[in-house]
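Enquirer: Structure provided below as structure tokens; questions to follow.
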Amino acid sequence: MNPAVEVTSLGYCYPDGTEALCGVSFSLMPGACVGLLGPNGSGKSTLLRHLNGLLPEKPPADGNVRIHGEAITAENLPSIRRRVGLLFQNPDDQLFCPTVEEDVAFGPRQLGLSEAAVAARVQTVLVQVGLAGQDRRATHHLSQGEKRRACLAGVLACEASILALDEPTSDLDPRGRREFKALLRQIDATKVIATHDLELVVELCARSIVLDHGRVVADGATLELLGNEELMLAHGLERPHILQHVHPHHPHEAH
């Protein structure tokens, strides 16, 4: 079985010459849920944008990123973007149609589905994300939590098999965070979650990858990495409260 995501020696420089990613390598098997951790400016968002071909500006010929065994090229970008759904950090960057229904329907319409098939898919995913009956609402009237769920619905409506989520719980209140975590737990897709919400990572991600200055500095079992106070502090992170009672040498006690 091919990995769902395979990244090999990926590097990227911004137009001003700043090195954003350097030699990043990892692979994820289908169905994995992985936390992508690191301080601001470590390259997390830049990495997520490579997974569905938003970066680099022109797809390279070197196959640094493969999705289900397939290198991203200019020719297969549309199919890659259907399979890899990217959730932006700010939902307002993603919602651009006047109503929830129109926004969620946009992707399936681009796939050339019949209107009946589009309508059925929209209703299915709105139920899945807890927005049943909200299809006529104006997107700009939604709460932050509802906006995030509408964005997720739009990605799921394209039947993405991989979700790349950029800070999915930022700006949510505690109830909104709980609801969104529960929602993510129910979705079978392969998930890469870039986040500062370490409690979410402990609850959802068996594995975590720590980035700093565009490099992978650690990759392993979430409880071991987050329980390593020295590693966390060296890279601008903290042991989450959920682990505070766990002795750093016995992270499995958190179970």
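Readers should treat all values here as calculations from the given coordinates under stated rules, not as data from a laboratory. Not measured: the values here are computed from a predicted model. Note that each Cβ is placed from the backbone with ideal geometry, even for glycine, and that neighbours are counted across all protein chains shown.
Enquirer: Along the principal axes of its C-alpha atoms, what lengths does segment 1-142 span, in descending order and rounded to whole Å?
Expert: 46, 34, 27
Enquirer: Tell me what the chain gives for mean residue ellipticity at 222 nm when only DSSP H runs of n ≥ 4 count, each as -39,500 (n - 2.57), the sum divided by the residue total, rounded to 500 deg cm²/dmol. If you can, show how the numbers build up before the last one.
Expert: Working: 9 runs with 85 residues, N = 255.
Estimated from H runs of four or more residues: -9500 deg cm²/dmol.
Enquirer: Can I ask one more? At 7 Å along Cα-to-Cβ for each site, give me the label-to-label distance between A206 and D173 in nm.
Expert: 3.6
Enquirer: Would you mind working out the magnitude of the charge dipole of segment 5-254 relative to its Cα centre, with +1 at each Lys and Arg C-beta and -1 at each Asp and Glu C-beta, to the nearest 20 Debye? Numbers along the way, then the final one.
Expert: Values: 23 positive and 32 negative charges, 119 e Å.
Around 580 debye, computed over segment 5-254.
Enquirer: Give the residue from Q186, S114, S79 lying farthest towards the positive end of the charge dipole for the chain; charges sit on Cβ (+1 for Lys and Arg, -1 for Asp and Glu) and the dipole is referred to the Cα centre.
Expert: Of the listed residues, the answer is S114.
Enquirer: Beta carbons within 10 angstrom, averaged per residue: use that to sort the peptides 134-142, 153-161, highest first.
Expert: Ranked from most to least packed, the peptides come out as 153-161, 134-142.
Enquirer: Which one, L28, G133, A160, is farthest towards the positive end of the dipole of the chain when Lys and Arg carry +1 and Asp and Glu -1 on their Cβ?
Expert: So the residue furthest toward the plus end is G133.
Enquirer: Here's another thing I want to ask about it. Please find the FRET efficiency linking K58 to E238, where r is the Cβ-Cβ separation and R0 is fixed at 51 Å, and quote it to the nearest 0.05.
Expert: Details: r = 39 Å, r/R0 = 0.76.
Result of the calculation: an efficiency of 0.85.
Enquirer: If the viscosity is 0.692 mPa s and the temperature 37 °C, what translational diffusion coefficient in µm²/s does Stokes-Einstein give for segment 68-166 when Rh comes from Kirkwood over Cα pairs?
Expert: Stokes-Einstein gives a translational diffusion coefficient of 240 µm²/s.
Enquirer: If each Cα of the chain is one equal point scatterer, what is log10 of I(q)/I(0) from the Debye formula at q = 0.15, 0.16 Å⁻¹?
Expert: So the normalised log intensities work out to -1.10, -1.22.
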